[in-house]
Every structure is written in structure tokens, then in C-alpha cells.
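**Student:** Please find one structure pasted underneath; my questions will follow.
Every number here is computed from the coordinates shown, using simple stated rules; none is lab data. Bear in mind that the values here come from a model prediction, so they are computed numbers and not experimental data. Because the Cβ atoms are built from the backbone with ideal geometry, glycine has one as well, and the counts that use them run over all protein chains shown.
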Amino acid sequence: TNVKADIWAPSAPIVSEGVLYAAPQDCPELLALDLTTGELRWKSRKGELKHLVGVSGDNLVCSGGTEVVSFSARTGKRLWRGLLSGEEAGLGLVGADFALVPSTSGLQRFDLRTGKLAASFRFQDGAKESGNLIISEDVLVSAGRTAVSSYFSWDEITAKLKGQTWGVPISNGNH
């Protein structure tokens, strides 16, 4: 048995609506603890999952192997399971209505209500581009083992540039 495959990747606990969600590396289960009393609200088997991704509403999202799973944040029941186009390759993100997860082949965005694949982006070089995701300003950053890649929307940048007022350049020479 591969011991590394049997443990959670390091991830910070998540606190939401009075509950602390944790994926301790020394525990084969996903835990939900009452933030006030410390009592266990529910637990669920880890399976192939590796990362505690995030929570939005009643969706607690985890990823690992070739899958993304949403648990009910209230009960721990599996709400849906989505398949990745490659092996999960880093910590994803959860937005208001979507989960974005990196794999060795690209980024996949899943609808939080249905679990259906809503969009995907194929990497040119998955070994370099895939990694942990973070959003900074209007840029999605993927920090991998050997490279950091940034993705942005040209439409948003163009709209911001159109909104800027440009001054008249100062010239050193004669006019």
C-alpha cells in the first residue's frame, strides 16, 4: 500500500456557519466539528480524496485522484461526484456557484448545484502549468512544482484600459 496515497494533503481547516471542517493528515476521514462545543457533527471516509477545497452554501468540496466530490456541509452526505480529465494536481478553489480544480491535463469548472462539468481549459504543458490555485485581483494563478502560471481575461483588461484617461505625453524636444 502506498502510504502517501492514504493521507490527506496538508490543508488548513475551513470554518463556515459555526462548523469547522478538517482533513487531518493522521485521519482517514473528513471531519465536521461544532465550532462552539468541539463535538463531532459528522465524518465521512476519505477514499481517494486528497484536498479539502472549500465550502459554499451547503457544498463542501474535496478533490483527489480523478474526482471532485461535494458533501452536504450540514450532514456529510455525498451530493455529487465529478470526474477530472486527468489526475488531480493541486488545491482548487470554490466560488459562489462553482468549483475550479486543476488536473494534469487542465482546469475543470464544476457547477456546485449539479456537479456537472461547466467548462474546461486544457493546459499546453500540464506538468508545468498545473498546481495550487489562487485568485489575485483579476488573475488566476496556478503555482506548480516548477513554474507559476497566470491566466486572465483579455476582455476585462481591455475594458479597464478603455476606462482609463490618458494624459498628454511630455516631450523633451521642440514641437
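**Student:** Cα-based count: Lys pairs in the chain below 18 Å, eight or more positions apart or different chains?
**Tutor:** 6
**Student:** May I pose another question? Percent relative contact order of the chain, based on C-alpha pairs within less than 8 angstrom and at least six residues apart?
**Tutor:** Averaging sequence separation for qualifying contacts and normalising by length gives 10 percent for the chain.
**Student:** Let me ask another. Evaluate the charge dipole of the stretch 95-146 about its Cα centre and quote only its size in Debye, nearest 20, assuming +1 on the Cβ of each Lys and Arg and -1 on the Cβ of each Asp and Glu.
**Tutor:** My answer is approximately 240 debye.
**Student:** Using the alpha-carbon atoms, what tilt in degrees (0 to 90, nearest 10) does helix 154-163 show relative to the longest principal axis of the chain?
**Tutor:** On a 0 to 90 degree scale, this one is about 50.
**Student:** Still on this model: Using alpha carbons only, how many angstrom separate the centre of the stretch 6-44 from the centre of the stretch 61-105?
**Tutor:** The stretch 6-44 and the stretch 61-105 have Cα centres spaced 16 Å from each other.
**Student:** Here's another thing I want to ask about it. Report, in debye and to the nearest 20, how large the dipole of the chain comes out about its Cα centre when Lys and Arg carry +1 and Asp and Glu carry -1 on their Cβ.
**Tutor:** I would put it at about 280 debye.
**Student:** Can I ask one more? Let a ≥ b ≥ c be the square roots of the eigenvalues of the Cα gyration tensor of the stretch 77-156; is it rounded (a/c under 1.5), or, if not, prolate (a/b larger than b/c) or oblate?
**Tutor:** Working: a/c = 1.89, a/b = 1.33, b/c = 1.42.
Taking the square roots of the gyration eigenvalues as a ≥ b ≥ c, the stretch 77-156 is oblate.
**Student:** Please work out how much length the chain gains when fully extended from Thr146 to Asp97, using 0.36 nm per residue of separation minus the C-alpha to C-alpha distance, in nm with one decimal.
**Tutor:** Value of the extension gain: 14.6 nm.
**Student:** Rounded to whole Å and sorted largest first, what semi-axes of the equivalent ellipsoid does the C-alpha gyration tensor of the chain yield via the square root of 5 times each eigenvalue? Before the final figure, lay out each step's value.
**Tutor:** Values: eigenvalues 283, 76, 46 Å².
Ellipsoid semi-axes (Å, largest first): 38, 19, 15.
**Student:** A further question on this structure: Pulled fully out, how much extra length does the chain show between Ser120 and Thr75, if you take 0.36 nm times their separation in residues and subtract their Cα-Cα distance?
**Tutor:** 13.2 nm is the gain from fully extending Ser120 to Thr75.
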